[in-house]
Amino acid sequence: MKISFLGAARTVTGSCYVLECEHARFAIDCGMHQGNRVIEMRNWDENDMYRPGSLDFILLTHAHIDHSGLLPRLVAQGFKGQVYTTSPTKDLLGIMLEDSARIQETEAQWRSTKKLRVGDPPVQPLYTVEDAQKSLRQLKTEDYNQVFEPAPGIRVKFNDAGHILGSAFIELWVKEGDEETKLVFSGDLGRPNQLLVRDAQTVETADFLFLESTYGSRNHKNETQSREELAEAIKYSYERGEKVIIPAFAVERTQELLYTFHLLHKEGRLPADMPVYVDSPLAIKATEIFRRHWDYYDQQTKDLVKNGENPLDLPNLRFTLTADESRAINVSQGPAIVIAGSGMANAGRIKHHLRHNIWKSGASIVFVGFQAEGTPGRRIVDGAKTIRILGEELTVKAKVFTIGGFSGHAGQTQILDWLSHFRNPEVQVYLVHGEHSGQKILAGLIREKFKLNVHIPDYLDECLLEKGGRFELTARPSLAAPRIDWEYLLEETAGKLAQVQERLDFIQRMGMTNQVEIRGSLLAINSRFTSILSELMFEQRQKTKQE
């Protein structure tokens, strides 16, 4: 049996494994790669890597786009099989994939306009709304804790992963000849004691375990402490008449925040005249799905609902669906709480709210989830003094809060606790869905505490899996991390500058209108160079601190 790691290998997005065995070729998750431009270019490689037309079926752990977002692309490229998942995940995908498709179409249209102006062909979207709608017709739901057979010789069971509504970790049994191999894929493991969702179930045996490691290097603060910090951020900006800006994922994080605000309101710590805006059409629709699937809540929250209390409601809660309503928030006066996507501040309405507030000393920026390398959120969390948003370089003067206790992912100790339930010492552990620095720390702890074999695959690695500890790896580092020819790039940049300098006498004889235009272009280039140098110096300081 062979497994290929097509995403979330030494990074936290693009989750996907493709397995090839005696009876089938199939995928577990098909997430979108998110981050910088180089990482996102991986989304266009599906034909070579996935070979969608030869996939028999797909198993989806949950609805987050970094686990499901390439499904419409695969369907458009020839995947015709069924996609198995849970009922809440199916409903969430119904809104999330169409939303993702609209973003793809909008971005392609914007880029095409620029291309067409200079005579270049238009840009095609990664996929369309029609592709997303078509992919939804291939979804098939399965209940937790029920074994099903998507192909001969393959048995599957979804278990509650406690991450978001409907999230699952997967037990997979594959029979080849007379031998059956058991694999477990953790998906994203939830943090215990979250509001709304149940704690993750556990499992005791596997031959191979593919374990998420998002927070492999650190633990979260406890829930009470996190609520205190959120109350502190509210108090800080309320007293100064400014806004609390919260980049939050539309699914799970926004709903847990609403539950927390519900609790703060009951405790008298949410000012009655401070509106709470959910400025995300996707989050608004997701909240309705959460309300509809209340039977998936944990017991404490179910009891609240049965007693007539809605934990996702507030007297001062306002949903803003339209762009005009969103813009109105930024011209409104007085304190307010604004929850908007995306969670890593790299897309969506949150960029506009940051642009209007990050330079205000009385405002608060509250991060309540993981910030991947290369995202604006990560730079702000790491202490950047300036940040470029929507083409404008802004000074960071708002107070920044990083509240890890709201994360939907298990922390380091919680991952180890979940792993401690395994009873067979021969299990081979593969760490996925984490940054490499944190994975190395977690791998060391697993080897020390459990004496297990641990591997950290890279993007596009291929492994032959055999019981008894055999580990064969085929790596493709040139594709995993394409080489950048910095010497050539810098030489080309310097050469073009030299050509402009050689023509300085001619430029000075040009008309003043032309000179002003050229001067403006060079000033814009200089501004970008200043931003690059600022970022380099910032990253150097961060690296020095770590060393």
Pairs of lysines 8 or more apart, or on different chains, with alpha carbons under 26 Å: count those in region 217-302, would you?
11
Taking θ as phi - 60°, what are the ³J(HN,Hα) couplings along region 517-522 by the Karplus curve (6.51, -1.76, 1.60), each to the nearest whole Hz, with x for Gly and Pro?
5, 5, 4, x, 5, 5
Any idea what the relative contact order of region 67-125 is, in percent, if you count C-alpha pairs under 8 Å spaced at least 6 apart?
25
May I ask you to order 300-308, 387-395 by the average number of other C-beta atoms within 10 Å around their residues, highest value first?
387-395, 300-308
What are the ³J(HN,Hα) couplings of region 528-543, residue after residue, when phi is run through the Karplus curve with 6.51, -1.76, 1.60 and θ = phi - 60°? Round to Hz, x for glycine and proline.
5, 5, 4, 5, 4, 5, 4, 5, 4, 5, 5, 5, 4, 5, 4, 5
Added length on full extension, which subtracts the Cα-Cα distance from 0.36 nm per residue, Arg519 to Asn36
170.9 nm
So for the chain, averaging the separation of alpha carbon pairs under 8 Å that are six or more residues apart and normalising by length, what relative contact order in percent results?
16
Taking H as built 1.01 Å from N, whose amide H comes closer than 5 Å to the amide H of His455, not counting residues under 5 places away?
Val429, Tyr430, Leu431
Under 5 Å from the placed amide H of Thr386, counting only residues 5+ away or on other chains, we find Val396
Given a cut-off of under 8 Å on Cα pairs at least six residues apart, what relative contact order in percent is computed for region 128-286?
14
Determine the sum of side-chain charges near Thr61: Lys and Arg each +1, Asp and Glu each -1, restricted to other residues whose C-beta is under 9 angstrom from that of Thr61.
-2
Of the options Ser326, Ser364, Ile339, report the single residue whose Cα projects farthest towards the positive end of the charge dipole of region 296-412 (beta-carbon charges: Lys, Arg +1; Asp, Glu -1).
Ser364
In the chain, taking the dipole from +1 charges on Lys and Arg beta carbons and -1 charges on Asp and Glu beta carbons about the Cα centre, the listed residue (Phe79, Gly35, Leu394) farthest towards the positive end is Leu394
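Contour minus end-to-end for Asp303 and Arg137, with contour as 0.36 nm per residue of separation and end-to-end as the Cα-Cα distance? List each step's numbers first, then the result.
Values: separation 166, 0.36 × 166 = 59.76 nm, distance 3.45 nm.
Extra length from Asp303 to Arg137 when fully extended: 56.3 nm.
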As a test of the formula, what do you get for the chain when each DSSP H run with n ≥ 4 contributes -39,500 (n - 2.57) and the sum is divided by the residue count, at 222 nm and rounded to the nearest 500 deg cm²/dmol?
-12000 deg cm²/dmol
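Values quoted throughout were computed directly from the atomic coordinates according to the rules given, and no laboratory measurement underlies them. Since this is a predicted model, take the numbers as computed values, not measurements. Neighbour counts run over all protein chains shown; Cβ positions are idealised from the backbone, glycine included.
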